[in-house]
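The values are calculated or read from the model by the stated rules, or taken from the named source; none is laboratory data. Every value quoted in this text rests on a predicted model; they were computed, and no experiment measured them. Positions of Cβ are backbone-derived with ideal geometry, glycine not excepted, and every protein chain shown enters the neighbour counts.
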Amino acid sequence: MSEGAAKKEEKPRKFQAIRGTRDLLPPETALWNRVEQTGREVFATFGFGEIRFPIFEWTELFARSIGADTDVVSKEMYLLARQHDNEASFDLARRRESLMFRAVSSSDKSGIDSFIQEIGKFCSDYEAALSKELVYGDVGTKVVLGYLKDSIAYLSSDILQQARAADWQERFDRTVALCRQYLDMVDATSALRPEGTASVCRAYIEHNMQQLPQPVKLYYMGPMFRRERPQKGRYRQFYQIGAEVLGGSDAPAIDAEVIELVMTFFEKLELQGVQLSVNSIGCRECRPKYVELLRAELLKVKDKIGPDSQRRIDTNPLRVLDSKVKEEQAIIEKLPRIGDHLCKECTDHYAAVKRELDLRGVKYRENWRLVRGLDYYMRTTFEITAQGLGSQDAVCGGGRYDGLVELLGGPPTKGIGFAIGEDRLILSLQESGKAPVAQGRDVYIAWMGEIARATAVRAAKALRNAGFSVELPPVEQKFGKALGQADKLGAKYALILGDNEVTSGEWTLKTLADGSQAKFTEPDLLEHLRKQKKL
Ligand code: ATP
Ligand code: MG
């Protein structure tokens with residue numbers, strides 16, 4: 001190889017941020033800070049305190065709370081692989097991988113049998129290794145192994161007993177997909193957080209917050225991670241600002257106040273085209289009955305709807321209502337509406353929430369088709385859209401989730417909350433011209449000469465202490481160049497310090513917008529700038 005070619009080879013790789021992630025840079029970050037600062041102020045006025053929870057948690061926390069069959073958990077979660085350090089665990093890792101990537105055809109009976117058998121053996125070997133502490137595991141690992149065993153049991157019973165069922169192929173495919181998902185999860189005890197509610201509930205339980213005055217009101221802001229197809233307003237690392245109210249009662253005024261809080265925040269930001277939709281999706285009493293009714297009605301029109309919706313008839317019929325497929329809209333409009341099937345308590349609760357919203361002057365639209373993507377929601381659900389976002393126009397989703405804390409092993413607890421997509425919020429503010437313009441420096445210090453250097457350093461310190469943004473060039477520059485530089489940085493003033501100024505004690509301040517100049521002693525200068533800033 002020639003020397004030149006070798007050099008070429010050595011050329012270091014140019015790194016780029018991973019797809020779906022991005023850098024946030026100035027001046028845009030100033031807008032992010034303004035949004036977050038406004039959020040903190042509004043949250044404080046409603047009595048919320050900040051919670052900061054870890055970026056990664058046990059996978060099972062998310063699987064349990066969000067629901068193992070939701071897209072967020074089954075497809076979008078970033079699982080963190082565990083470390084292997086001995087032969088037994090290497091062996092399990094190899095078998096896990098080979099099972100995970102195995103093609104299983106529904107027509108290959110013996111292939112299916114060996115898939116089932118090998119998974120069964122894998123589960124028992126894994127459990128043995130866990131008890132000998134050859135692999136590191138936790139409650140979550142055992143739970144996932146349990147799911148895996150349930151899945152193969154279902155797979156064998158399906159094959160043996162329901163071989164002629166009409167939707168057999170569908171069930172088969174789904175069960176195999178679930179096996180793969182659990183195989184993936186068994187080796188990943190932790191995951192990057194896809195959302196915040198589960199962590200807040202975990203923290204509420206862990207720190208016995210039920211002993212604090214109820215309800216406990218918490219807010220958070222920070223990055224979340226979902227493996228989704230990146231597009232405008234949809235990233236793999238995105239940011240949420242959320243709040244939760246836990247414990248105490250489920251009084252409708254709490255629901256309304258939480259919604260009022262978000263709306264106040266958006267108003268303060270002057271977010272444009274804000275539309276609030278509300279709905280009630282019932283409770284453990286009435287929802288299952290409605291879901292069954294919906295399923296029965298959907299089965300009647302099964303051939304008229306697309307494959308995604310067809311699949312959801314079985315997995316999660318409520319999600320069909322969410323469908324954006326054009327051909328399905330007329331059909332969906334004729335489906336039974338949950339509002340007509342709520343139990344008395346839910347009907348009353350929903351009516352009271354609406355009254356409380358009216359009382360607060362919060363404008364809303366009712367949308368009977370509004371359902372949330374995560375399993376834990378019940379009763380009040382809401383979504384807020386804003387302008388300038390194209391098809392990803394939801395900036396906030398929220399709702400009530402009584403029972404979630406209990407599901408995670410805590411005491412019976414009421415809960416309601418929301419999460420704002422900060423990326424989309426910022427995008428909408430930018431699109432409607434509500435983004436602040438870049439802040440330039442207040443003062444650029446143009447200095448020349450050794451004596452002036454010392455004065456410049458002292459002046460910079462005094463001005464910065466007084467709260468001004470100051471640029472002090474590190475090396476001497478000709479005045480002309482310095483003034484050009486000051487202009488480029490968008491400085492308001494240039495403070496000119498040469499030998500004359502230093503010896504006379506009269507400093508020259510040039511206003512860059514109009515080129516005017518004036519002389520000041522040091523104390524007068526500070527006074528003058530302070531007055532100008534207040535104007
Ligand atoms: P969508 O229907 O847009 O996927 P979602 O139902 O998954 O939203 P939630 O889990 O309720 O969203 O999250 C609340 C908010 O977080 C959303 O309304 C949205 O503004 C934002 N959000 C969710 N996923 C992303 C993402 N991948 N990138 C940017 N923002 C997101
Ligand atoms: Mg989503």
Being more than 13 Å from ligand 1 (Cβ to nearest atom) and within 20 Å of ALA256 (Cβ to Cβ), is that true of even one residue in the range 393-402? yes
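Quick check: is even one residue across the range 331-349 within 16 Å of ligand 1 (Cβ to nearest atom) and not aromatic (Phe, Trp, Tyr)?
We begin by selecting, within the range 331-349, every residue within 16 Å of ligand 1 (Cβ to nearest atom); these are none.
Among the residues of the range 331-349, not one is within 16 Å of ligand 1 (Cβ to nearest atom) and not aromatic (Phe, Trp, Tyr), which makes the answer no.
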Please go through the range 372-421 and pick out each residue that is without any contact (Cβ under 8 Å) to a residue 12 or more places away in the chain and acidic (Asp, Glu). GLU406
Considering only the range 314-321, I want to know if a residue exists there that is crowded, with 18+ Cβ neighbours inside 10 Å, in a helix (DSSP H, G or I) and within 12 Å of ligand 1 (Cβ to nearest atom). yes
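If I ask for residues that are assigned to a helix (DSSP H, G or I), among the charged types (D, E, K, R) and surrounded by fewer than 20 Cβ atoms within 10 Å (Cβ to Cβ), which ones from the range 55-77 would you list? Walk me through how you get there before you give the answer.
Filtering the range 55-77 for residues assigned to a helix (DSSP H, G or I) gives 59-66, 71-74.
This time we only want the ones that are among the charged types (D, E, K, R), so: 60, 64, 71.
Across the range 55-77, the qualifying residue is only ASP71.
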With respect to the numbered conditions (1) more than 28 Å from PRO26 (Cα to Cα); (2) surrounded by 22 or more Cβ atoms within 10 Å (Cβ to Cβ), which one is the sole condition not fulfilled by ILE445? (1)
Going by what's in this entry, would TYR350 be described as within 16 Å of ligand 2 (Cβ to nearest atom) and among the aromatic types (Phe, Trp, Tyr)? no
I'm told CYS283 meets every condition in (1) hydrophobic (A, V, I, L, M, F, W, C); (2) under 23 Å from GLU195 (Cα atoms); (3) at pLDDT 95 or above except one. Can you identify the failing condition by its number? (3)
Of all residues in the range 400-427 being assigned to a loop (DSSP other than H, G, I, E, B) and farther than 21 Å from CYS346 by Cα, the one that is nearest to the chain's Cα centre (by Cα): LEU408
Looking at (1) aromatic (Phe, Trp, Tyr); (2) within 22 Å of ILE420 (Cβ to Cβ); (3) more than 24 Å from the chain's Cα centre (by Cα), can you tell me which one TRP32 breaks? (3)
Return the total of residues in the range 428-442 being surrounded by fewer than 20 Cβ atoms within 10 Å (Cβ to Cβ) and part of a helix (DSSP H, G or I). 2
Could you pull out the residue among GLU60, GLU41, GLU50 that is over 18 Å from the mean Cα position of the chain (by Cα), away from ligand 2 (no atom under 16 Å from the Cβ) and more than 28 Å from ALA128 (Cβ to Cβ)? GLU41
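When the range 20-35 is examined, which residues are found to be in contact with a helix residue (DSSP H, G or I) (Cβ under 8 Å, 6 or more places away or on another chain) and either over 30 Å from LEU79 (Cβ atoms) or of a type in the set (Asp, Glu) (or both)?
So the first thing to find is which residues in the range 20-35 are in contact with a helix residue (DSSP H, G or I) (Cβ under 8 Å, 6 or more places away or on another chain), and the list is 24, 28, 31-32, 35.
If the condition is that a residue be in contact with a helix residue (DSSP H, G or I) (Cβ under 8 Å, 6 or more places away or on another chain) and either over 30 Å from LEU79 (Cβ atoms) or of a type in the set (Asp, Glu) (or both), then GLU28, LEU31, VAL35 are the ones that fit.
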Report yes if some residue within the range 84-101 is touching a Leu at 6+ places or on another chain (Cβ under 9 Å) and at pLDDT below 90; otherwise report no. yes
Within the range 454-480, the residues that are among the aliphatic types (A, V, I, L, M) and surrounded by 18 or more Cβ atoms within 10 Å (Cβ to Cβ) are ALA456, ALA459, ALA460, LEU463, VAL470, LEU472
The range 218-258, residues that are closer than 21 Å to ILE205 by Cα and either within 16 Å of ligand 2 (Cβ to nearest atom) or of a type in the set (Asp, Glu) (or both): GLY242, GLU244, ASP250
Taking only pairs six or more apart or across chains, which ones have beta-carbon atoms under 6 Å, a first residue in the range 342-358 that is within 12 Å of ASP250 (Cβ to Cβ), and a second residue that is of a type in the set (A, V, I, L, M, F, W, C)? CYS346/CYS283; CYS346/CYS286; VAL353/ALA256
Flagged in the range 42-71 as under 25 Å from LEU145 (Cα atoms), among the aliphatic types (A, V, I, L, M), in contact with a helix residue (DSSP H, G or I) (Cβ under 8 Å, 6 or more places away or on another chain) and modelled with pLDDT of 90 or more, in numbering order, are LEU61
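Counting only residues that are touching a strand residue (DSSP E or B) at 6+ places or on another chain (Cβ under 9 Å) and free of Cβ contacts under 8 Å to residues at least 40 places away in the same chain, which one in the range 514-523 is surrounded by the fewest Cβ atoms within 10 Å (Cβ to Cβ)? If you could, list the steps in order and put the result at the bottom.
Quick first cut of the range 514-523, residues touching a strand residue (DSSP E or B) at 6+ places or on another chain (Cβ under 9 Å) only: 516-522.
Next, only the ones that are free of Cβ contacts under 8 Å to residues at least 40 places away in the same chain stay: 516-521.
Values: SER516: 9, GLN517: 11, ALA518: 13, LYS519: 14, PHE520: 18, THR521: 12.
Restricting to residues being touching a strand residue (DSSP E or B) at 6+ places or on another chain (Cβ under 9 Å) and free of Cβ contacts under 8 Å to residues at least 40 places away in the same chain, the top hit is SER516.
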Of the conditions (1) assigned to a helix (DSSP H, G or I); (2) surrounded by 14 or more Cβ atoms within 10 Å (Cβ to Cβ); (3) over 28 Å from the mean Cα position of the chain (by Cα), the single one that LEU335 does not satisfy is (1)
Among the listed residues GLY47, GLY20, identify the single one that is within 16 Å of ligand 1 (Cβ to nearest atom) and in contact with a strand residue (DSSP E or B) (Cβ under 8 Å, 6 or more places away or on another chain). GLY20
Anything in the range 365-392 that is buried (at least 20 other Cβ atoms within 10 Å of the Cβ), more than 9 Å from ligand 1 (Cβ to nearest atom) and in a strand (DSSP E or B)? List them, or say none. MET378, ARG379, THR380, THR381, PHE382
GLU297, sole failed condition from (1) out of contact with any helix residue (DSSP H, G or I) (no Cβ under 8 Å at 6 or more places or on another chain); (2) within 16 Å of ligand 2 (Cβ to nearest atom): (2)
Test GLY421 against the stated conditions and say whether it is touching a Ser or Thr at 6+ places or on another chain (Cβ under 7 Å) and either farther than 28 Å from TYR204 by Cα or within 16 Å of ligand 2 (Cβ to nearest atom) (or both). no
